[in-house]
Structure formats: structure tokens, C-alpha cells
Amino acid sequence: MKASAFNYARASSVDDALGLLALHGDQAKVLSGGQSLMPALNLRLSAPSLLVDIGAIAELRGVSVTNSVLKIGALTRHVDVQKSTDIAKHAPLLTEAIAHVAHPAIRNRGTIGGSLAHADPASELPACVIALGASIVVRGKDSERRIPAADFFTGIYETLLSPEELLVAVEVPVATPNSVHFFHEYARRKGDYAIVGLAASGVLERDVLTDLRLGFFAVGDKPMLAGASKHLIGKPVTASMLTDAQAALDEELDPQEDQQASASMRRYLARQLMERCVVTLLGRPDLETRKLA
């Protein structure tokens with residue numbers, strides 16, 4: 001199948017892109033890496049009248065660290081995120097997670113901003129940014145705003161980004177010396193969409209988690225920051241505490257059933273991921289009840 005007919009404009013600057021978006025509104029679509037948009041166009045799941053190509057806007061690429069904030073430009077490719085020494089040092093969760101994003105050919109073209117704006121609930125990066133407490137930097141024709149990542153994703157392929165706005169960067173607090181992280185996903189094959197996944201970031205003081213953010217993905221219509229983590233912080237974790245946290249997580253979950261897994265299977269795998277995360281972060285194999293690959 002071929003895409004419906006559309007007009008094409010290659011933006012030379014952020015202002016140029018915003019001018020086009022302001023003029024055409026929801027009839028326009030932004031093209032960055034194109035790894036999600038182009039298949040959607042070809043399947044006619046999306047049929048814009050105008051495609052605004054922002055790929056040539058250099059100011060939207062790159063990684064920098066200023067005042068304890070790691071800033072990643074929206075057009076920074078997955079492969080460049082994976083190779084960045086600044087990201088490996090200050091947000092190693094992203095370095096680990098990016099290797100699970102599709103396949104090398106996709107990572108060579110796909111961008112972090114494109115992934116976040118696309119808001120696929122089975123995607124790794126939206127869960128990572130909510131686990132890291134990141135902010136999404138969004139620019140409109142006359143203003144700029146920073147949206148907490150936990151608020152940015154509103155549903156399947158839906159965000160707080162308006163048709164006249166452009167996602168320009170992600171800002172992540174740099175990791176402290178006692179920061180810890182965890183990432184794992186269950187997928188039928190490497191590179192496939194996750195059946196269930198977890199991106200986690202925390203702070204470990206001796207043997208106690210003083211902070212823990214659990215970003216689950218592929219368990220609902222958007223990435224979920226689990227409130228159940230409150231059962232695991234502030235004191236040494238016991239088997240009873242972990243059981244309580246898993247029960248609380250089960251109450252939060254509302255997974256969908258599809259060709260990959262039933263809702264009950266997703267619930268089970270999410271509980272197992274929580275356990276695996278805690279066991280790994282604390283180095284506590286005594287808390288482990290069952291091993292999964």
C-alpha cells in the first residue's frame with residue numbers, strides 16, 4: 001500500500017517549522033527519523049495534507065550537561081544516544097534501554113524526540129523518561145514549556161503536545177553517585193515489541209532504597225509510573241513488603257489483551273519484573289521466588 005498524497009516542506013529552522021505547524025494545524029505531521037511515521041503513512045493510518053521535515057535543523061541535535069541537567073536534543077538519533085559518554089555517565093538507564101529499541105537499522109535513523117512524540121505504549125523510551133523524572137521541552141510559535149514526563153503521555157499515541165507545537169528536547173536530572181537503575185523487557189524475539197517491560201531509577205543508601213521510580217510499559221494505553229514503589233522505600237525490604245508491593249501493583253494495572261499476551265499474563269510478568277528489579281538493585285537473591293529468563 002502507498003501513502004495518500006501529501007505536500008512536503010523541509011523546515012530550515014525551528015521557527016520555520018513552527019510557522020508551518022501554526023498555519024496547517026492538525027493537517028500537518030512532523031517528520032524526524034520517520035521510523036514510525038512512514039509505516040503509518042504507507043498503511044494509511046495517518047493521512048496528513050502536509051509533511052514538515054525537521055531533519056535538517058541542527059540545533060535539535062546533540063547532548064549537553066549544564067547545571068546538573070542532561071539535555072538531549074529531539075533529533076538525537078538512537079545510535080547517538082547509545083554511544084554518548086555523557087548519557088552513559090549521567091543517565092545510564094537510557095544507554096541500557098536503547099539497545100532494546102528495535103534493530104540497528106531503526107536505531108540508525110530513529111530519534112529520541114520522534115519516539116517520545118509518537119507515544120507508543122510498548123516503546124522503551126517513554127517509560128525511561130518517566131522513571132528518570134525527566135522534563136519534555138516543547139516549543140510553540142510564541143512560547144516554550146517544560147512538561148514533566150509523567151504527565152506528557154495521555155493515551156495510545158497521544159500526548160500533551162498540540163498540533164502547533166514541536167518537541168525540541170528532553171531534560172534529565174543527572175544521576176547522583178548513589179543512583180541505581182534497572183531495565184528489562186519480555187519480548188518474543190529481540191527487537192520485537194515488548195510484551196511487558198520495566199525501566200526503573202532509584203537511590204540506594206546502604207541497603208535501603210530511599211527513592212524508586214518504576215516505569216512500566218506495554219501494560220496499558222501509556223507508560224505507567226507505579227505508585228506501588230512506595231511499599232519498597234525507606235527501610236530494608238522484606239519478602240512481606242515485596243508481596244505487598246506486588247499486590248498494590250496488581251491493583252494499578254489495567255493491561256490489554258492482544259495477539260501477544262493475555263491480560264493475566266501481562267499482570268504476572270509485571271509482578272515478576274518488579275521482583276527482579278528489587279532483587280537486582282539490592283543484590284538480594286533471598287527475595288527471589290522464581291527465575292525467569
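Of the residues I136, I147, I98, I156, only one is open to solvent by 40 Å² or more (accessible area, probe 1.4 Å) and either on the phi > 0 side of the Ramachandran plot or not charged (D, E, K, R) (or both); which? Before you say what the answer is, go through the steps one by one.
Working: I136 fails: open to solvent by 40 Å² or more (accessible area, probe 1.4 Å); I147 fails: open to solvent by 40 Å² or more (accessible area, probe 1.4 Å); I98 fails: open to solvent by 40 Å² or more (accessible area, probe 1.4 Å).
None of the other options fit; the residue is I156.
Within the stretch 11-54, being surrounded by fewer than 19 Cβ atoms within 10 Å (Cβ to Cβ) and closer than 19 Å to G110 by Cβ holds for G34, M38, P39, A40, N42, L43, L45, S46, D53.
Just so you know, in the stretch 177-217 the residues that are of a type in the set (D, E) and either part of a loop (DSSP other than H, G, I, E, B) or without any contact (Cβ under 8 Å) to a residue 24 or more places away in the chain (or both) include one that is farthest from A105 (Cα to Cα), and it is D207. Among the residues of the stretch 258-267, is there at least one that is closer than 24 Å to A149 by Cα, open to solvent by less than 60 Å² (accessible area, probe 1.4 Å) and in contact with a helix residue (DSSP H, G or I) (Cβ under 7 Å, 6 or more places away or on another chain)? No; the residues of the stretch 258-267 include none that is closer than 24 Å to A149 by Cα, open to solvent by less than 60 Å² (accessible area, probe 1.4 Å) and in contact with a helix residue (DSSP H, G or I) (Cβ under 7 Å, 6 or more places away or on another chain).
Just a yes or no: is a residue in the stretch 137-148 closer than 20 Å to G62 by Cβ, of a type outside the set (V, I, T) and touching a Leu at 6+ places or on another chain (Cβ under 9 Å)?
yes
Identify all residues within the stretch 237-293 that are of a type in the set (G, A, S), closer than 22 Å to G220 by Cα and in a loop (DSSP other than H, G, I, E, B); write none if there are none.
Selection gives A261, S262.
If you go through the stretch 101-121 and keep only what is surrounded by fewer than 19 Cβ atoms within 10 Å (Cβ to Cβ) and either at pLDDT 95 or above or charged (D, E, K, R) (or both), you end up with just R109. Could you give me the residue pairs with C-beta distances under 8 Å whose first residue belongs to the stretch 84-102 and is over 19 Å from L212 (Cβ atoms), whose second residue is open to solvent by 40 Å² or more (accessible area, probe 1.4 Å) and charged (D, E, K, R) wherever it lies, and which are 6+ apart or on separate chains? Between residues of the stretch 84-102 that are over 19 Å from L212 (Cβ atoms) and residues that are open to solvent by 40 Å² or more (accessible area, probe 1.4 Å) and charged (D, E, K, R), the close pairs are H100/K190. Of everything in the stretch 1-10 that is at pLDDT below 95 and aliphatic (A, V, I, L, M), the residue that is most open to solvent (accessible area, probe 1.4 Å) is M1. With the structure loaded, tell me whether K222 is in a loop (DSSP other than H, G, I, E, B) and buried (at least 19 other Cβ atoms within 10 Å of the Cβ) or whether it fails that test. It is true that K222 is in a loop (DSSP other than H, G, I, E, B) and buried (at least 19 other Cβ atoms within 10 Å of the Cβ). The set of residues in the stretch 191-211 that are among the aliphatic types (A, V, I, L, M) and over 15 Å from H181 (Cα atoms) comprises A194, I195, V196. Checking each residue in the stretch 180-206 for being farther than 27 Å from Q259 by Cβ and crowded, with 24+ Cβ neighbours inside 10 Å picks out A200, S201.
The values are calculated or read from the model by the stated rules, or taken from the named source; none is laboratory data. For clarity, every value in this text was computed on a predicted model and none was experimentally measured. Neighbour counts are summed over all protein chains in view; Cβ atoms, including those assigned to glycine, are modelled from backbone coordinates with ideal geometry. Side chains are part of the model used for accessible areas, which takes the heavy atoms of the whole protein and leaves out ligands, DNA and RNA. Shrake-Rupley method; radii C 1.70, N 1.55, O 1.52, S 1.80 Å.
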